[in-house]
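See below for the structure under consideration.
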Amino acid sequence: MEIQPYQPPLLLRGSHLSTIVPALLRKPAFLEPAYERLPTPDDDFLELDWYHQGKRLLAIISHGLEGDSRRPYVVGMARALYHQGFDILAWNYRGCGPTLNRQPRLYHSGATDDLHTVVQHAIRQGYQRILLIGFSLGGNITLKYVGEQQADLPAAVAAAIAWSVPLDLAAGSQEISKPHNFIYE
């Protein structure tokens, strides 16, 4: 198989346009998810969006910084994988869902304990093969979780995929703070 280099559409050749335009215009139509509030060990909760079709194959999608489970890129991925035979669980980090959390704790790039809670919940639901997917900060959390778990990674976790991961968070923060990136502030 030969892999062709990515060529953006002519009107989206600039990095700012290729970031902003899809975020504003992409509105993938899909099913209404089933909502679940999952209790956490510290007497708080995580908010989950499920797309069920009765499969034993599950994709868990982790969104990016200041995103949520209903962002177009999350819903687009959910739709694509659903049509490939996956059940989908798109989850919200603390403070990113529709309801204010009880504990004074927010999410951060190292908050892998919440992803672990979600994975364990999925296994208790009977899922035997799980694909972890993370976008941007969610990719960071996903990779950190897999690295931390190593030999203790649940056998049900079959694969992990991460997109646009900010591996160097300090450098990413410095770059986003530069004057030419004011639109992202």
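Here, each number is a calculation from the coordinates, and none is a lab measurement. Everything numeric in this text was worked out from a predicted model, so none of it was measured. Cβ: placed from backbone, ideal geometry, glycine included. Neighbour counts: every protein chain shown.
Table for the structure above
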| quantity | calculated |
| --- | --- |
| Other-chain or far-sequence residues with amide H under 5 Å of LEU46's (modelled H) | LEU38, THR40 |
| GNM result for the chain, Cα springs below 10 Å: residue of GLY67, GLY85, GLY134 fluctuating most strongly | GLY85 |
| Most mobile listed residue (TYR51, TYR35, TYR93) in the chain, GNM with C-alpha springs under 10 Å | TYR35 |
| Principal-axis tilt of helix 112-124 within the chain, Cα atoms, nearest 10 degrees | 50 degrees |
| Exposure proxy ranking, count of Cβ atoms within 10 Å, fewest first, for HIS116, HIS52, HIS83 | HIS83, HIS52, HIS116 |
| At 1.002 mPa s and 20 °C, Stokes diffusion of segment 120-185 via Kirkwood alpha-carbon radius, µm² per second | 157 µm²/s |
| Most mobile of GLU32, GLU66, GLU175 in a GNM of the chain (Cα contacts under 10 Å) | GLU175 |
| Segment 1-104 shape via C-alpha gyration tensor axes, a/c threshold 1.5 | oblate |
| Rounded to 10°, Cα long-axis angle of helix 15-25 versus longest principal axis of the chain | 60 degrees |
| Antiparallel %, DSSP beta bridges [both residues in the chain], to 5 | 40 percent |
| Debye log10 I(q)/I(0) for the chain, one point scatterer per Cα, at q = 0.11 Å⁻¹ | -0.52 |
| Relative contact order [Cα under 8 Å, 6+ residues apart], the chain, whole percent | 18 percent |
| When segment 1-50 is reduced to its Cα atoms, the Kirkwood hydrodynamic radius in Å | 15.1 Å |
| Computed [θ] at 222 nm, deg cm²/dmol, the chain (DSSP H ≥ 4; -39,500 (n - 2.57); rounded to nearest 500) | -9000 deg cm²/dmol |
